[in-house]
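Take a look at the structure below.
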Amino acid sequence: KGESIMVTLVGVRGNFVDALKELVELEFDTVEAYEAAIDRLKDPEYKITLGQFRDDHKRHISELTSLLIKHDVQPPLGHSMGKHWVTIGKVVIANLNGGDKAILLAIKVNKIDTNTTYARMKERSDAWNDARDIIECGLQDEQRHQKWLEAH
């Protein structure tokens, strides 16, 4: 539980640059969680939808990385080791305990973290002006993903 709390603190600590770099790391973690889920799902429609969601997260990484580079900030090149195993672990554990529905539930739990992070990033007063639309688009994607997961 302690590490899950750490994930949900992304976006509130430090300055905007540090928070944005943590968001990129969280996005890398999320892509890996989706890949772990897709590999374990049996329902082909779930695999397709989660593949589309994973691709949204890859786009987020690309957009956020480009933004950091534009501001002369070295972007993260991968996930954070501390949060990585929490994100992937939820999916692996779900696979051991209950099939597709449990895997979707694990992704849904991860989605709470990403939704919370994007909402917090949107509210930051120190956000760069050219980051606001990217963050808003990311939040909308996260809300759409969450809505689908709740329905399934």
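The values are calculated or read from the model by the stated rules, or taken from the named source; none is laboratory data. Owing to the predicted nature of the structure, the values given are computational and were not obtained by experimental measurement. These area figures cover heavy atoms from the full protein model, side chains too; ligands, DNA and RNA do not enter into them. Shrake-Rupley method; radii C 1.70, N 1.55, O 1.52, S 1.80 Å.
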Pairs from K70/K147; K70/K108; K47/K101; K42/K101; K122/K147 whose Cα-Cα separation, in the structure shown, is over 21 Å: K70/K147; K70/K108
Please give the contour-minus-distance gain from E35 to R144: 0.36 nm per residue of separation, less the Cα-Cα distance, rounded to one decimal in nm. 37.4 nm
Solvent accessible area, Å² - H152, 1.4 Å probe, full protein context: 80
What list of ³J(HN,Hα) couplings, whole Hz, do you get for the stretch 46-51 from phi and the Karplus terms 6.51, -1.76, 1.60, once you set θ to phi - 60° and write x for glycine and proline? 4, 4, 5, 5, 5, x
As a test of reading the structure, rank K21, K70 by solvent-accessible area (1.4 Å probe, protein chains only), most first. K70, K21
Test of understanding: what is the full-extension gain from K70 to D130, defined as 0.36 nm times their sequence separation minus their Cα-Cα distance? 20.6 nm
